[in-house]
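For reference, the structure is listed below as C-alpha cells.
None of the figures in this text is laboratory data; all of them are computed from the coordinates on show. Just so you know, these numbers come straight off a predicted model, no measurement behind them. Note that each Cβ is placed from the backbone with ideal geometry, even for glycine, and that neighbours are counted across all protein chains shown.
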Amino acid sequence: MKPAFLATLPALALAACAAGPDYVAPVAPPAATAGFATANPATVAAPADDRWWRMYEDPVLDGLVADALAANTDVRVAVARLDRARATLREAKTDREPQAAIGAGGSYGRTAQIQSLPGLDRERATYDAGLDVRYEVDLAGRVRRNVEAARGDVGAAAADADAVRVAIVAATTRAYVDAAAAAERLAVATRIVALLDRSATLTMKRVEAGRAAKLDAVRIAALRDQRAALVPAIAAERQAALFRLATLTGRTPQDLPPQAAMRATTPRLARPIPIGDGAALLARRPDVRAAERRLAAATARIGVATAELYPQISLGGSIGATATGLSDIFTGGAFRWLLGPLLSWTVNQSAARARIAGAEADMRGALATFDGSVLIALEETETALSTYARELDRRARLQSARDNAASAARVTRARQREGQIDFLEVLDAERTFADADADLASADARIAATQVDLFRALGGGWQAAGGGAGDLSGSAGQNRSLAPT
C-alpha cells in the first residue's frame, strides 16, 4: 500500500495550476499608439534615430556622449542596481535545485544519570559528520512565481538603467549645447559692445567738433556699458555649462578636454527630426518598459502569496556518522542515514490571505503606474513637439526683426552723419538692433534646448549601451490598461 502522503500528490499538482494569475502584458489604447497630434514641419514620421546626438554631426559631442555613458556616476549606480537584481534572480533560481549542506562537529559533556545507561561513562565526547539534502517539490508554484517576479525586477532595473542613460545623454548634449550657445551669445554681445564703442568714438568726435551735444556722448556710453555688463554674465553661464559637462562625463572641471570648449556656434540640425509614432514611442521609452516589468513582477507575487494556501512538501535525506571517538566515526557502527518527505501546511490561513490581498493591491498600483507612464510619455512628447514648433516660428520672426533692425541702424547712422536726424533716433536704432541681435542668439540657444528636450521625450539614447524594448501591442488579457470604457 502506498504511503498516505503520496496519494495527495495528484490533487496538489492540480491545485498548483491555479496558484496566482498568469501575467498578460497590458495593452495601450489605439489613440496612444497612433501618430502624434502636433504638426511640425521640422519633423518627419520616420522611425526615430536611436543615436540622435549624431544628427548634429559633431565628433566632439559624439565622444563626450560616449564618455558619459561609460563613466557617469549615475549610470554606474544604475548598473550596480541592475547587477543586484540579477544576483537576486540567481538566488531565486537556486530554490529549484536540491539544497545540500555538509556539517561536522564535536562536543564533550556530562549527561544526567537518568539519561545514561548503567555502566556507561556519563562524561564523554561525541563526534558527528554528515550530509543533509533537501528539495522542495514546487507543487503550488511558489518557487516558479518567485523566479518570475525576480525576472520582472531584473527587467525593471534594466529599464531604469536605460532611463538613466537617456537622461545622461540628454544632459550631456544639453550641457555641450549650452556651452556652445553661450559662446555664440558671448560673441554677439562682444560684437555689440564693439559696435557701440565705435558709435561712442564717432559721437565724441562730433562733440569735439561742436556738431553734437555732450549729452549724446553720455547716452551712447551708458548704452555701451549696459551691454558690456552682460558679457561677464554670459561668460559665467558658459563656464557653468562646461563644469556641468565635466561632471556628466565623470571628470573634474580641470580634466575636461580642451576641444569640449572649442565650439563657438550653437549646434544646428541639417535635416528634420524623425519622431516615429506612439507605438514606437511606448516600446522605446524606458520608463514605460520599467513600469510594465514592475507590473509583471507584482502579478507574479500574487502567485507567491497564493502558494502559501497549499501544503509545502519537501523531500529530504541525511547521511553521516555519529561516534564517541574520532577513530570510531569511520566504522560501520557509526554510520546513519535518513530519507523521507516533509509536509508543512499552515492551518490558520488568515495571514496568507492578507498577504494575497496586499499583493493584489500592489498589482493594481503597478497597473496604475503603468497607465500613468504611458500618459506622461505622450504628454512629454506632444509638449516637446509643440514647444519646438513654436520656437521655430519665434526664431523666424526674430530673424526678420533682426534684419530690419540692422537695416534701420545703418540708415540712421548715415542720416545722422548727413545731419538729417538727431542723436536720439540713432541711439534708439542702436538699442533696437542690439536687442534684436541678442534675442536672435538666445532664440538659437532655445531651439537647441527644445531639440534636446524632444529627443529625450522620444526616449532614445539607451540603445547605444544595449538593451531591448518591450512589446506593448499584444492582445488583451488579465490586466486592464487605459482601455476606453
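Numbers below:
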| item | result |
| --- | --- |
| Failed criterion for Gly106 (all others in (1) touching a strand residue (DSSP E or B) at 6+ places or on another chain (Cβ under 7 Å); (2) buried (at least 19 other Cβ atoms within 10 Å of the Cβ) hold) | (2) |
| Among residues of the stretch 90-100, those that are in a helix (DSSP H, G or I) and either exposed (fewer than 13 other Cβ atoms within 10 Å of the Cβ) or of a type in the set (Gly, Ala, Ser) (or both), counted | 4 |
| Which listed residue, of Arg96, Arg145, is in contact (Cβ under 8 Å) with a residue 12 or more places away in the chain and within 30 Å of Arg336 (Cα to Cα) | Arg96 |
| Residue match in the stretch 349-366 (condition: part of a strand (DSSP E or B) and in contact with a helix residue (DSSP H, G or I) (Cβ under 7 Å, 6 or more places away or on another chain)) | no |
| Candidate set from the stretch 37-89 (those that are of a type in the set (A, V, I, L, M, F, W, C) and assigned to a loop (DSSP other than H, G, I, E, B)); member that is surrounded by the most Cβ atoms within 10 Å (Cβ to Cβ) | Ala48 |
| Residue in the stretch 327-340 that is touching a helix residue (DSSP H, G or I) at 6+ places or on another chain (Cβ under 9 Å) and either within 22 Å of Val137 (Cβ to Cβ) or among the hydroxyl-bearing types (Ser, Thr, Tyr) (or both) present | no |
| Enumeration of residues in the stretch 190-236 that are more than 17 Å from Ala429 (Cβ to Cβ), in contact (Cβ under 8 Å) with a residue 24 or more places away in the chain, under 53 Å from the mean Cα position of the chain (by Cα) and surrounded by fewer than 18 Cβ atoms within 10 Å (Cβ to Cβ) | Thr190, Ala228, Val231, Ala235 |
| Residue match in the stretch 102-122 (condition: hydroxyl-bearing (Ser, Thr, Tyr), touching a residue at least 12 places away in the same chain (Cβ under 8 Å) and touching a helix residue (DSSP H, G or I) at 6+ places or on another chain (Cβ under 8 Å)) | no |
| Filter result for the condition that a residue is among the charged types (D, E, K, R) and in a strand (DSSP E or B), over Arg145, Arg124, Arg174, Arg198 | Arg124 |
